[in-house]
Amino acid sequence: MKSEKNIKAAFRVGVDSYSLSPLRFSPFEVLEWVERNGGDGVQFSEVNLPRGRAFDRSFLEDLAACAAARKFYLEWGGGEHIPLDLETGKPKDIFKINRRAAEQAYYLGARVVRSCSGGSMRWQDDYLPTEIFLRDMAKSLRSHKRMLNDFGVILALETHFEFTTFELRRLFEMCEAEPGDYLGICLDTMNLLTMLEDPVLAAKRVLPWVVMTHIKDGGLLLAEKGLVSFPVEAGTGVVNFSEIFRSLLTLESPVNLSLEDHGGDFLIPIFDPGFLLKFPDLTAIELARLLALANRTKRMVEEEKLSILERSRWAEVCQTRVQAGLLNIKNIVANL
């Protein structure tokens, strides 16, 4: 068991730049904001270039030096893992995209690149079956291994609205990817709810592959058309961070806790049999745990401890909510 000193040292708590996107900060301003508010690093999901700067090696090395001066960790985005254009269905050259992201990470000194293709295929009836996506992804991603190894980075597939942890494990088997090699997981703790997964159980399912995080809290409500998930201030929702962090502590290589937050809500139409059939790995036990979280969320909403924030209002509250979330996460780590 790690000592209290080692627990605090095991986690560095930072911010994903997407959380501050309404402020239109340059990357250097993001670093300054995070430093002022007690963070330990930044995961860059998006980059607003300063005026007069090009997205080149010089810019990346300046950003790395700026982070190093603050003793910050840096993590990078820009990766993709679905080799199809999700608008047209046509093949997409993700090798080129991922090589560029890996090269950028190399110049930054970052060892992980977040990959998110931005799909929500299950919510649309005319999309290909999940197994077809997995087959095509495996064929494409296997060819990435040498390139990613050469740059010394891991492509971290986010637990987004695309694939469940069960399916990502199958994908890694198809890619013959071992933990710590060329593919990993960016664990988004709240997105797991939207994919009908209990966050604690899902985190344990993919634990050996977790190399980066989106620490995002949320709630889950039972509604007329199904379940509704929504993000809330980190540390105030129903995602059990303490249990997830304890699991992450068992990893041989430490991971950073990068806070992501935003507004909005997401309908999960579980009363539609066709939709529910798209989650063949969902068990009665896990669904029961999700319904228990929904019941807990309902009580918290009735007590005015939680509420859905419209995405359009995120700009009004993003600074204060991210500030509070950072402090809450640090307090949870301190009390493990």
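One decimal place: the segment GLU224-PHE271 gains 16.0 nm when fully extended, by the rule 0.36 nm per residue minus the C-alpha distance.
Relative contact order for segment 243-336: 45 percent, from Cα pairs under 8 Å spaced at least 6 residues apart, divided by residue count.
Backbone N atoms of segment 32-46 closer than 16 Å to the 7 Å Cα→Cβ label point of GLN319 belong to residues 32-39. Here the relative contact order of the chain, from alpha carbon pairs under 8 Å that lie six or more residues apart, stands at 18 percent.
Look at ARG24, ARG111 and count the other Cβ atoms within 10 Å of each Cβ; fewest to most, that gives ARG24, ARG111. Multiplying the residue separation of ASP85 and GLU302 by 0.36 nm and removing their Cα-Cα distance gives an extension gain of 73.9 nm.
May I ask you to derive the FRET efficiency for THR283 and GLU173 from their Cβ-Cβ distance with R0 = 22 Å, giving the value to the nearest 0.05? Rounded to the nearest 0.05, the efficiency is 0.65. A Förster distance of 22 Å, applied to the separation of the beta-carbon atoms of GLU46 and ARG311, puts the FRET efficiency at 0.90. Taking every full run of DSSP H in the chain, the ones that stretch at least 15 Å from end to end by Cα along their long axis and average -0.5 or higher on the Kyte-Doolittle scale are 57-69, 94-108, 130-142, 284-302, 314-334.
Relative to the globular-protein estimate of 2.2 N^0.38 Å, the Cα radius of gyration of the chain stands at 0.96. Here the simple spin-label model places points 7 Å from the Cα toward Cβ, and for ARG142 and LEU251 these points are separated by 2.7 nm. Over segment 10-150, the ratio between the Cα radius of gyration and 2.2 N^0.38 Å evaluates to 1.18.
If R0 is 51 Å, the Cβ-Cβ spacing of LEU291 and SER58 corresponds to a FRET efficiency of close to 0.45. When GluC sites (Glu not before Pro) are flagged only if DSSP places them in a loop and at most 13 other Cβ atoms lie within 10 Å, the longest unflagged stretch of the chain comes out as 88-175.
Values in this text are rule-based calculations from the coordinates and carry no lab data. Everything numeric in this text was worked out from a predicted model, so none of it was measured. Quick reminder, even Gly has a Cβ in these numbers, built from the backbone with ideal geometry, and neighbours come from all protein chains shown.
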